[in-house]
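Down below is the structure, laid out as structure tokens.
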Amino acid sequence: MDVSFLGGPEPQRGVGIVAPFDFALDRELWRWVPDDVSLHLTRTPFVPVEVSLDLARLVSEHETLRAAVRALSAVSPEVVAYACTSGSFVGGQAGELAMSAAMRHAGEMPALTTSGALLDALRELGAHSVALVTPYTKSVTDALEDFLGEAGIEVTGRGYLGLTREIWRVPYRDVTGMARDATAVGAPEALFISCTNLPTYDAIPRLETELGIPVLSANQVTVWAALRRIGKQAVGPYQALLEPVPRSGPAALAPADAEPATGPVTGPVTGPATGPAAGADGPGGADPGAGRGCDPGAGPAVPPPEPPVDAAPEVALAGSALPGADAELCDPLADPLPPDDPPPR
């Protein structure tokens, strides 16, 4: 059979990703990637340590990163990114720059880290203050706040889950609940949801509509920065970082609440009213089934812009109205998509 009329596969631009051994959100990374770009992932070697400052140091050792980049070089990516937030902020700004340099020299290509991409994204938005949401323990969250403070970024409020394992199982409802609490004080100019193992893709548009400020996540800024290095644009509906038209800085988004809270910074928030315990410096529990069911009051006060006709299904999942009868609609942010193949524990 003659198949010459098919031509061949479309040319692809390559982006290399070095992820920690327990990274489980390959599918989420791909959702920000245009069709003519391929992600090439590799993982750091397994170490029997739970999520902590010690693990962050172990998975970011320079020789570990060099070996991973050399392996990726076999498929000739144009840029390589280290997709780990804690691993790239644990050594402060100097440590992040040294990591990027080690990868760049090992692969002879542009290199970046998630924490470096976060600083680039904040500069792009013109944001000088942020609220933080993390799945980490208090000590790891403290280290992130120190990293941002070193870069001149004020942390106005924060919430953390205290988890040390299986972070990819946290449902969207817990993330959005913490986000509301963390942004309720201090009038932050942006929200950052940390950890590349924490699902965020569908939660970002919903939170931006509700809170009226840009929302950044670890996976989002990593893919955005990597693609920008090769002259490509990340894709994602109603995300201020990716769509310059609806924003020209933090003030471009109007909050849903006309009376935003402006109280003093009070330190870590205690977490959402429902879901896993927050603010504890130790293991917490994330119930994979938490937040299931219908919640008519969970929608944003102001509906998002009308999506285009050919919008992807996730636009509706971000809180837009769906046509239909009087049937009750479920909260679309109850659970993230499951990972492709969670690593064995």
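The values are calculated or read from the model by the stated rules, or taken from the named source; none is laboratory data. Keep in mind that this is a model prediction, so the values were computed, not measured. Here the Cβ is made from the backbone with ideal geometry for all residues, glycine too, and neighbour counts use every protein chain on show. For the accessible areas, the whole protein counts, side chains as well, though only heavy atoms, and no ligand, DNA or RNA atoms are used. Shrake-Rupley method; radii C 1.70, N 1.55, O 1.52, S 1.80 Å.
Shown in residue order for region 177-188 are the 3J(HN,Hα) couplings computed by the Karplus curve 6.51 cos²θ - 1.76 cosθ + 1.60 at θ = phi - 60°: x, 5, 4, 4, 5, 5, 8, 6, 10, x, 6, x Hz (x for Gly and Pro). On the principal axes of its alpha carbon atoms, region 77-179 extends 42, 30, 24 Å, with the longest extent given first. Backbone amide hydrogens, once placed in the peptide plane, bring Glu154 within less than 5 Å of Ser129, Val130, excluding anything fewer than 5 places away on its chain. Close amide H partners of Ser217, meaning residues 5 or more places away or on another chain with modelled amide H under 5 Å apart, are Ile193.
Using θ = phi - 60° in the Karplus curve 6.51 cos²θ - 1.76 cosθ + 1.60, the 3J(HN,Hα) couplings for region 102-108 round to 4, 5, 4, 6, 5, x, 6 Hz; x is entered for Gly and Pro. Relative to the Cα centre, the charge distribution of region 32-153, modelled as +1 at Lys and Arg Cβ and -1 at Asp and Glu Cβ, gives a dipole magnitude of about 220 debye.
Under 5 Å from the amide H of Ala111 lie the amide H atoms of Val80, each residue being 5 or more positions distant or on a separate chain, with H modelled from the backbone and absent for Pro and chain starts.
With each label modelled as a point 7 angstrom along the Cα→C-beta vector, the Val49-His105 pair spans 2.3 nm.
Just the ratio, please: alpha-carbon radius of gyration of region 119-201 over 2.2 N^0.38 Å, N its number of residues.
1.03
Ranked by the mean number of other Cβ atoms within 10 Å of their residues, highest first, the peptides 177-185, 191-199 come out as 191-199, 177-185. For the listed peptides 7-20, 204-217, 108-121, a ranking on the average number of other beta carbons within 10 Å per residue, highest first, reads 204-217, 108-121, 7-20. Taking the inverse of the mean 1/r over every pair of distinct Cα atoms in region 1-135 gives a Kirkwood hydrodynamic radius of 16.2 Å. For region 31-172, the solvent-accessible area with a 1.4 angstrom probe is 36 square angstrom per residue.
Charges at C-beta only: +1 for Lys and Arg, -1 for Asp and Glu. How large is the resulting dipole of region 189-232 about its Cα centre, in Debye rounded to 20?
It works out to roughly 320 debye.
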